[in-house]
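These notes are about the structure you will find just below.
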Amino acid sequence: RLQGKLLFMFDGLDEIADSSHRKAIVEWIDQQIKNSFQCQFIISSRPKGYEDNPLRQLSIRIVLEPLSSKQQYELIDNWNWMHIQTEPQADKQNQEELRQIAVTRSETLIKQIRGSEAEEMIGSPMLLTMILIMFNRKQGLPDSRVQLYKMCAKYHLRAWSTRESRSA
């Protein structure tokens, strides 16, 4: 029986594909929560993975809703505004010009997203941020979540390789 002040974090309960394995893990986590005095537990899951096997010992449940259209626009606009100010040419332009460039980028991205496969992904703050990174790096829009992950992995591996070769 654990009696220390520990924090246990389990991410992606829904990603356990086999439902019998997921059920067994949920039962194990429930038992740990019951037997672990003064310990805290954080478990993340998409709703479907949790609804099939809810935790009985869980005291608080927080549901993160997808971003609304307004929140999506705000994130896109704020991201582009922040990003444009860090670019090399930012020193040579006034705030009004920079703001217009950011607005144009936002409008361009939103037009490209609407009606594309990427549209279903932008409700997730993480996926929308990944799309923004790839878009601002001139990588284009992904056709699927898998392609988005591949694009990000390739980009980060190239950046890592470039940094490694510079430091060698």
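No lab work stands behind these numbers, since they all come straight from the coordinates. Keep in mind that this is a model prediction, so the values were computed, not measured. Every residue, glycine among them, receives a Cβ derived from its backbone with ideal geometry; neighbour counts consider all protein chains shown.
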Inset, instruction - Any chance you could count how many residues in region 85-103 are among the polar types (S, T, N, Q) and under 18 Å from Tyr73 (Cα atoms)? - result: 1
Inset, instruction - Give the residues of region 109-135 that are under 11 Å from the mean Cα position of the chain (by Cα) and touching a residue at least 24 places away in the same chain (Cβ under 8 Å), sorted by residue number. - result: Met121, Ile122, Gly123, Ser124, Pro125, Leu128, Thr129
